[in-house]
Amino acid sequence: MTDDLSDALWGAQLDHLTFICPDPAQMADFYGSVLGLAAQQTEGQSFLLSGPGRRIVIRPGEQFDQTGSAFRFETAAALERYRAALTAGGLNLKPHGSPFLADGFAVADPDGRDIQFGITDPDIMLPVPADTTPPGRLQHVVVATTDLGQMIRFYEQTLGFRPSDYVVDETADERPVTAAFYRSDPEHHSFAVFRADSTRPDHHAYEVECWNDIRDWADRLAERDIQIWWGPGRHGVGNNLFFMIEDPWGYKIELSAELETVPAETEVRTWAHGPRALNLWGNAWMRS
Ligand SMILES: [Fe+2]
């Protein structure tokens with residue numbers, strides 16, 4: 001990782017996700033109801049879902065997957081600086097293909113997932129959700145992989161994400177890192193990746209303003225007969241309060257508060273692999 005590259009990325013924030021699903025209408029119904037998003041169907045059975053601080057693209061496909069994570073820059077100049085830094089590194093840039101971005105590009109990560117970078121389209125007309133929800137800003141996305149080493153190299157050295165924490169299995173002789181958390185602005189992580197026995201989506205998280213918002217989200221979900229899947233707890237890594245639910249496709253959705261902030265210059269830290277890294281209060285979802 002060069003300082004130029006990570007400096008150019010600094011300030012980018014997660015803007016939206018793209019899922020593919022065999023039944024986009026069913027997925028749009030679920031996310032519209034649960035997260036309070038208004039849905040707009042576009043050509044080809046795709047849906048754009050939007051609400052305050054969060055939006056999702058759903059496209060039709062044979063099996064559920066997360067195909068895109070889009071990061072936005074505040075200005076065209078910041079986007080151009082990052083584009084130049086990536087191009088100088090010889091990276092192949094692709095069209096972004098996102099209906100929410102006015103300009104930008106995409107790159108494919110080693111697991112074949114698109115990471116989009118751009119500036120948002122100020123002229124896009126989006127429907128307004130019919131109901132009000134507690135705050136919940138799309139803040140981070142997490143994936144699982146069978147080859148954590150190459151994902152770490154790509155996100156750090158090729159894209160310039162700053163590692164905030166590694167989770168390390170100190171008993172392992174080889175490949176001791178079991179998870180890596182990355183930031184692209186002062187929030188502890190906007191992206192993270194776990195070692196696992198399959199390459200798959202892991203979860204996406206919505207940051208709220210306080211503990212009471214966590215309660216209000218749990219009450220909202222209870223009204224829809226959706227039970228908490230993990231938590232409430234406090235993550236060791238990132239120090240955020242959280243709970244998770246599971247969507248009908250097995251993907252986890254997290255509500256989070258009090259996520260740690262980490263200055264740009266802070267060097268990567270480590271946590272011992274084990275439940276405590278993932279939940280200071282109790283049991284943990286161990287991916288490996
Ligand atoms: Fe999370």
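Worth pointing out:
- Lone unmet requirement of (1) in contact with a Lys or Arg (Cβ under 6 Å, 6 or more places away or on another chain); (2) closer than 28 Å to THR270 by Cβ for ALA106: (2)
- Across the range 119-154, the qualifying residues are those that are away from the ligand (no atom under 16 Å from the Cβ) and within 16 Å of the chain's Cα centre (by Cα), and the one among them that is farthest from ALA264 (Cα to Cα) is MET151.
- Lone qualifier among THR266, THR261 - being open to solvent by 30 Å² or more (accessible area, probe 1.4 Å) and in contact with an Asp or Glu (Cβ under 8 Å, 6 or more places away or on another chain): THR261
- Residue pairs meeting the criteria (Cβ under 9 Å; at least 6 apart or on separate chains; first open to solvent by less than 50 Å² (accessible area, probe 1.4 Å), in the range 269-288; second among the polar types (S, T, N, Q) and not in a strand (DSSP E or B)): TRP285/ASN279
- Set side by side, the residues ARG195, ARG220, ARG215 differ, and just one is within 16 Å of the ligand (Cβ to nearest atom) and among the charged types (D, E, K, R), which is ARG195.
- Members of the range 234-250 that are in contact (Cβ under 8 Å) with a residue 40 or more places away in the chain, more than 9 Å from the ligand (Cβ to nearest atom) and open to solvent by 10 Å² or more (accessible area, probe 1.4 Å): ARG234, ASN239, PRO248, TRP249, GLY250
- In the range 251-263, the residues that are over 11 Å from GLU207 (Cβ atoms) form Cβ pairs under 6 Å with partners that are within 12 Å of the ligand (Cβ to nearest atom) and of a type in the set (A, V, I, L, M, F, W, C), at six or more places apart or across chains, as follows: LYS252/MET244.
Rundown of residues vs (1) surrounded by 16 or more Cβ atoms within 10 Å (Cβ to Cβ); (2) of a type in the set (A, V, I, L, M, F, W, C); (3) under 20 Å from the mean Cα position of the chain (by Cα), yes/no style:
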{"residue": "ALA12", "(1), (2), (3)": "yes, yes, yes"}
{"residue": "HIS16", "(1), (2), (3)": "yes, no, yes"}
{"residue": "ILE20", "(1), (2), (3)": "yes, yes, yes"}
{"residue": "MET27", "(1), (2), (3)": "yes, yes, yes"}
{"residue": "TYR31", "(1), (2), (3)": "yes, no, yes"}
{"residue": "VAL34", "(1), (2), (3)": "yes, yes, yes"}
{"residue": "GLN41", "(1), (2), (3)": "no, no, no"}
{"residue": "PHE47", "(1), (2), (3)": "yes, yes, yes"}
{"residue": "GLY51", "(1), (2), (3)": "yes, no, yes"}
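- Here TYR166 clears all of (1) open to solvent by 10 Å² or more (accessible area, probe 1.4 Å); (2) within 16 Å of the ligand (Cβ to nearest atom); (3) under 18 Å from TRP10 (Cβ atoms) except the condition numbered (3).
- Of all positions in the range 54-76, at least one carries a residue that is at pLDDT 95 or above, assigned to a helix (DSSP H, G or I), surrounded by fewer than 21 Cβ atoms within 10 Å (Cβ to Cβ) and not basic (Lys, Arg).
- When the range 119-146 is filtered for residues that are open to solvent by 40 Å² or more (accessible area, probe 1.4 Å) and in contact (Cβ under 8 Å) with a residue 60 or more places away in the chain, the ones remaining, listed by number, are THR120, LEU126, PRO127, VAL128, ALA130, ASP131, THR132, PRO135, ARG137.
The values are calculated or read from the model by the stated rules, or taken from the named source; none is laboratory data. Not measured: the values here are computed from a predicted model. Please note: Cβ atoms are built from the backbone with ideal geometry, for glycine as well, and neighbour counts cover all protein chains shown. Calculation scope for accessible area: heavy atoms of the full protein, side chains included, ligands and nucleic acids excluded. Shrake-Rupley method; radii C 1.70, N 1.55, O 1.52, S 1.80 Å.
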